[in-house]
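Notes for the one structure printed next.
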Amino acid sequence: MTSVSGQESAAWELLLPTASAPARSRGRSLQSALREAVRSGRLAAGTRLPSSRELAADLGVSRGLVTETYEQLTAEGYLRSDRGAGTWVGGAARKAAPGARDLAPRAVHARVDFIAGTPDLSLFPRAAWAAAHRGVLAELPHHMLGYPDPRGLPRLRTALAELLVRRRGVVADPETIVVCSGVAQAMALVGFALHARGVRAIGVEDPGSPQHDELFASADVATVPVPLDDEGVVTGALSQRGLRAVVTTPSHQFPLGIGYSARRRTELLDWARSVDGLIIEDDYDGDFRYDRAPVGALQGLDPEHVAYTGSVSKSLAPGLRLGWLLVPGSLADEVVARKRMMDLGNPVLDQALLARFVERGDYDRQLRRCQRAYRERRDALVAALGTYFPGAEVTGIAAGLHVIARLPERPGSQGDFLRRASAAGVGVRPLSDYGSAAGSGVRLVLGYAHLTPDRITEGVRLLAEGDRGRGDAAATLR
């Protein structure tokens, strides 16, 4: 055991300010100070504490206050008391972590990063959002602050149903809409519901989003890559692999950027009906169309075989964690039960705020604003590629927030090109990062929504200079 020593007297210095604390809070102050002295290691495990009478005299407080402090911290496990032998520092406490870490994903350290799927967060409508927030706080009844319907507030589900019918051509019943924490939670909810039905594998587009593997693994459902051709996912491969569920991005395939042909959409629905299966439609950027009218959602053709999901991550901000899932009636009960178990529903204020934002037309105005900005940036990227990489083939430009660029043939491997890009201070990702069906040559997935036109042009210029062997010189100019 460690006896009362210089360590103790140093620790008591932490307790002295409690004597000057207001009388009503002096007990809490002493408990907090002594607790922190143990937790931080200033008072080591096994240190014997002075008697309550001695400590009260040293601090100039009542003995009863010290006795109460000892009893409280003994109950919490910070101290232990041996009858007739005094009070000691217990061994249960461990030093707290020095600070909170931020595990949010961060972009690579690059002068210009063409990461795909990232919106321009500076376009977030702060003034309109703040006004909606004030309005919601003023009008929300007190009882609405209780636990919500796990499907989401009826007001928001109704507003979303009207929005999605109008903009995306879905069949939307507010009773089968589930408000989610983004598309990621929607995928997980469907995965759990399918697992409960005996489904152990689900098809995913190849190339496609790498995140699907982990999302469905959390529900103990394996992912099976399914190839694509120029019209969309190859439905024959679904049958060959014995699948009954598949995740698709038919309006604007990620990352290739193609829109499923009418024929392929029909084939996909025929497959789902023939196996009584499920198509999960991720409409991740369905509102951003530049050169043609928006393609309606696949769900509108067969809502009993298509689960439709989307979010405000691209139109407003991913940090809001607000999305939706239109689930077939046959799966609704399982999905809602799992949602209730996960989180008891999304935050009420956030839901009411988004409902008001949609109802008053603010959301439509935001979409128009983003569409204008993103079209300008897409045009800047296509023009810059034409200038600095003559002969480059750019596809997937009719919609979305990224393009696919196949660069002209050049000496060296794709790995060599990527190393030169990094040396030039430019972050790019090859199509091969998203699946096996990447093809030959250098094919890049270039996101542009988060970059201004000037930054886009600068990034492509640096990329070209680095490709010609001047990457090191460009990097030194930063």
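Is it true that V275 is over 23 Å from A116 (Cα atoms), open to solvent by 20 Å² or more (accessible area, probe 1.4 Å) and among the β-branched types (V, I, T)? The answer is yes for V275.
Are any residues in the stretch 121-145 under 30 Å from D433 (Cα atoms) and outside any helix (DSSP H, G or I), and if so, which ones? Within the stretch 121-145, F124 is the sole residue that qualifies. Kindly provide the set of residues from the stretch 403-415 that are surrounded by 13 or more Cβ atoms within 10 Å (Cβ to Cβ) and over 13 Å from A116 (Cα atoms), ordered by number. Those that are surrounded by 13 or more Cβ atoms within 10 Å (Cβ to Cβ) and over 13 Å from A116 (Cα atoms): R406, L407, R410, Q414. Of all residues in the stretch 153-170, those satisfying the criterion of being surrounded by fewer than 22 Cβ atoms within 10 Å (Cβ to Cβ), within 17 Å of L353 (Cα to Cα) and either over 25 Å from the mean Cα position of the chain (by Cα) or not hydrophobic (A, V, I, L, M, F, W, C) (or both) are P154, R155, T158, E162. For the stretch 53-64, check the following and say yes or no: at least one residue is open to solvent by less than 60 Å² (accessible area, probe 1.4 Å), of a type outside the set (D, E) and at pLDDT 90 or above. Looking for residues that are open to solvent by less than 60 Å² (accessible area, probe 1.4 Å), of a type outside the set (D, E) and at pLDDT 90 or above, one finds at least one in the stretch 53-64, hence yes. Close Cβ contacts (under 6 Å, 6 or more residues apart or on different chains) running from residues in the stretch 289-304 that are in a loop (DSSP other than H, G, I, E, B) to residues that are open to solvent by less than 80 Å² (accessible area, probe 1.4 Å) and basic (K, R) comprise A297/R168.
To keep it simple, each residue is scored yes or no on (1) more than 20 Å from the chain's Cα centre (by Cα); (2) closer than 22 Å to A201 by Cα.
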site	(1), (2)
L268	yes, yes
I279	yes, yes
D285	no, no
G300	yes, no
G319	no, no
L322	no, no
V327	yes, yes
Q351	no, no
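Selection of the stretch 202-220 for residues being within 20 Å of A332 (Cα to Cα) and out of contact with any His (no Cβ under 6 Å at 6 or more places or on another chain) yields I202, L215, F216, S218. Among residues that are at pLDDT 95 or above, farther than 26 Å from P430 by Cβ and open to solvent by 60 Å² or more (accessible area, probe 1.4 Å), R244 is included. Residues that are closer than 15 Å to L16 by Cβ and part of a helix (DSSP H, G or I) within the stretch 51-64 comprise E54, L55, A56, A57, D58, L59, listed in sequence order.
Annotation note: of G396, G400, G391, the sole residue that is under 24 Å from I258 (Cβ atoms) and open to solvent by 60 Å² or more (accessible area, probe 1.4 Å) is G391. Of the listed requirements (1) of a type outside the set (A, V, I, L, M, F, W, C); (2) in contact with a Gly (Cβ under 9 Å, 6 or more places away or on another chain); (3) under 24 Å from E214 (Cα atoms), G242 misses just one: (2).
Looking only at the stretch 31-50, decide whether some residue is open to solvent by less than 70 Å² (accessible area, probe 1.4 Å), part of a helix (DSSP H, G or I), in contact with an Asp or Glu (Cβ under 9 Å, 6 or more places away or on another chain) and more than 30 Å from L320 (Cβ to Cβ). Yes, the stretch 31-50 contains a residue that is open to solvent by less than 70 Å² (accessible area, probe 1.4 Å), part of a helix (DSSP H, G or I), in contact with an Asp or Glu (Cβ under 9 Å, 6 or more places away or on another chain) and more than 30 Å from L320 (Cβ to Cβ).
Do the conditions hold for G471, that is, is it modelled with pLDDT of 95 or more and either under 25 Å from R289 (Cα atoms) or open to solvent by less than 10 Å² (accessible area, probe 1.4 Å) (or both)?
On the way: modelled with pLDDT of 95 or more: no; either under 25 Å from R289 (Cα atoms) or open to solvent by less than 10 Å² (accessible area, probe 1.4 Å) (or both): yes.
Judged against the criteria, G471 is not a match.
Per the listing T118, T67, the residue uniquely open to solvent by 20 Å² or more (accessible area, probe 1.4 Å) and either in a loop (DSSP other than H, G, I, E, B) or among the aliphatic types (A, V, I, L, M) (or both) is T118. Restricted to the stretch 284-313, and to residues there that are under 14 Å from L401 (Cα atoms) and modelled with pLDDT under 95, the residue that is surrounded by the most Cβ atoms within 10 Å (Cβ to Cβ) is G286. Only one entry in D220, D173 is open to solvent by 50 Å² or more (accessible area, probe 1.4 Å), more than 21 Å from S251 (Cα to Cα), at pLDDT below 95 and not β-branched (V, I, T), namely D173.
Can you list the helices (runs of 4 or more DSSP H) lying wholly within the stretch 332-435 that have 3 or more residues being among the small types (G, A, S)?
On the way: elements: 348-359, 362-388, 414-423.
Filter on the stretch 332-435 gives 362-388, 414-423.
Here's a check for you: in the stretch 221-271, which residue that is among the hydroxyl-bearing types (S, T, Y) and part of a strand (DSSP E or B) is farthest from G198 (Cα to Cα)? Steps first, please.
Taking the stretch 221-271 first, the residues among the hydroxyl-bearing types (S, T, Y) are 223, 235, 239, 248-249, 251, 260-261, 266.
So of that shortlist, the ones also part of a strand (DSSP E or B) come out as 223, 248.
Numbers: T223: 15, T248: 21 Å.
Only one residue tops the list, namely T248.
Considering each residue of the stretch 305-322, count those that are in contact with a strand residue (DSSP E or B) (Cβ under 9 Å, 6 or more places away or on another chain) and part of a loop (DSSP other than H, G, I, E, B), and give that number. So the count comes out to 5. Being surrounded by fewer than 22 Cβ atoms within 10 Å (Cβ to Cβ) and not in a loop (DSSP other than H, G, I, E, B) is the filter; apply it to the stretch 436-453 and report the residue that is modelled with the highest pLDDT. For the stretch 436-453, the residue satisfying everything is P453.
Listed residues R360, R419, R368; which is surrounded by fewer than 19 Cβ atoms within 10 Å (Cβ to Cβ), free of Cβ contacts under 8 Å to residues at least 24 places away in the same chain and over 16 Å from R468 (Cα atoms)? Don't jump to the end; show me each part of the working.
Details: R360 fails: free of Cβ contacts under 8 Å to residues at least 24 places away in the same chain; R419 fails: over 16 Å from R468 (Cα atoms).
The unique qualifying residue is R368.
The values are calculated or read from the model by the stated rules, or taken from the named source; none is laboratory data. Note that the structure is a prediction, hence the values are computed from the model and not measured. Counting neighbours? That spans all protein chains shown, and the Cβs are built from the backbone with ideal geometry, glycine included. These area figures cover heavy atoms from the full protein model, side chains too; ligands, DNA and RNA do not enter into them. Shrake-Rupley method; radii C 1.70, N 1.55, O 1.52, S 1.80 Å.
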